[in-house]
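The values are calculated or read from the model by the stated rules, or taken from the named source; none is laboratory data. Quick caveat, the model's predicted, so the values are computed rather than measured. In this analysis, Cβ positions are derived from the backbone assuming ideal geometry, glycine residues included, and neighbour counts consider all displayed protein chains. The area values use the complete protein model at the heavy-atom level, side chains included, leaving out ligands, DNA and RNA. Shrake-Rupley method; radii C 1.70, N 1.55, O 1.52, S 1.80 Å.
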Amino acid sequence: MRRQHIGWVAGTAAAVLVAAGAITYSVAEDSGGPDPKTPGAESADAGFARDMAVHHQQAVEMSYIVRDRTKNEEVRRLAYDIAQTQANQRGMLLGWLDLWGLPKVSADPPMTWMGMGDMASGKDGALMPGMATNTELKKLQSLSGKQAEVLYLQLMTDHHKGGIHMAEGCVAKCTVGVEKRLAQGMVDAQQSEIELMAGMLKERGAQARS
């Protein structure tokens, strides 16, 4: 059953990625191209693209760390799926900023586009909700086997919860249809992965941290 679940998640991710080129290409039409309909630098569309690109990058980093710290095929497969999916989505988000002629960084604090610019302190590298601290990443790099698996699953569960919160914000606030659809896809896929990881943690005598 677990293999089927992972296969379903991977299949869903693959379907999203197959359409990535079309999505990236069509976003110019969806946003109206280089005219007043193009999102502004302070828009939710741009803010989500910038912030989620950073959020995704950490998920990719954590996933590659754990692949080197365990031989468990189930965890390695999940980590690979997450890394590939989020790396590709990150490329799409940054590509849209290029299409819109907008900067990939902002002087405003993360989450400002959600009206929550003061939510995350950025202390120890945790720039946005759900992000692991630098200390936690170093700890993950120091562990191996079951201990690494448990910490990774706990960190990624927190990471997904924060990502879902941000993606739901885009669904509510973004104006570019294709970006809203990608955000909803993130919500659905990451919720499924949270459920999967809960089962994997239980098998290891552990549970999510929150």
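Please work out the FRET efficiency for the pair N88 and L127, using the Cβ-Cβ distance as r and a Förster radius of 30 Å; give the result to the nearest 0.05. In this case the efficiency is close to 0.90.
Taking label positions 7 Å along the Cα-Cβ direction at both R204 and K161, the computed distance is 1.7 nm, reported to one decimal.
Annotation: amide H of V176 has no partner in the under-5 Å range at sequence separation 5 or more or interchain, hydrogens built in the peptide plane.
When the surface is traced with a 1.4 Å probe over the full set of protein chains, R77 keeps roughly 80 Å² accessible. Per-residue surface analysis assigns E42 an accessible area of about 130 Å², computed on protein heavy atoms at 1.4 Å probe radius.
Just the number, please: carbon plus sulfur as a percent of the accessible area of segment 54-111, 1.4 Å probe, no ligands or DNA/RNA counted. Walk me through the intermediate numbers first.
On the way: 1290 of 2610 Å².
Using a 1.4 Å probe with all protein chains present, segment 54-111 comes out at 49 percent carbon and sulfur.
Rolling a 1.4 Å probe across the protein heavy atoms gives segment 35-95 an accessible surface of 39 Å² per residue. Approximating the spin labels as points 7 Å out from Cα along Cα→Cβ, the S144-to-V54 distance works out to 3.5 nm. Fully extending the segment from T175 to Q191 would add 3.4 nm, taking 0.36 nm per residue of separation and subtracting the current Cα-Cα distance. Probe radius 1.4 Å, ligands and nucleic acids ignored: give me the carbon and sulfur share of the accessible area of segment 138-210 as a rounded percent. So the carbon and sulfur contribution to the accessible surface is 50 percent. Under the classification rounded if a/c is under 1.5, otherwise prolate if a/b is larger than b/c and oblate if not, where does segment 108-196 fall, given a ≥ b ≥ c as square roots of the Cα gyration tensor eigenvalues? Oblate.
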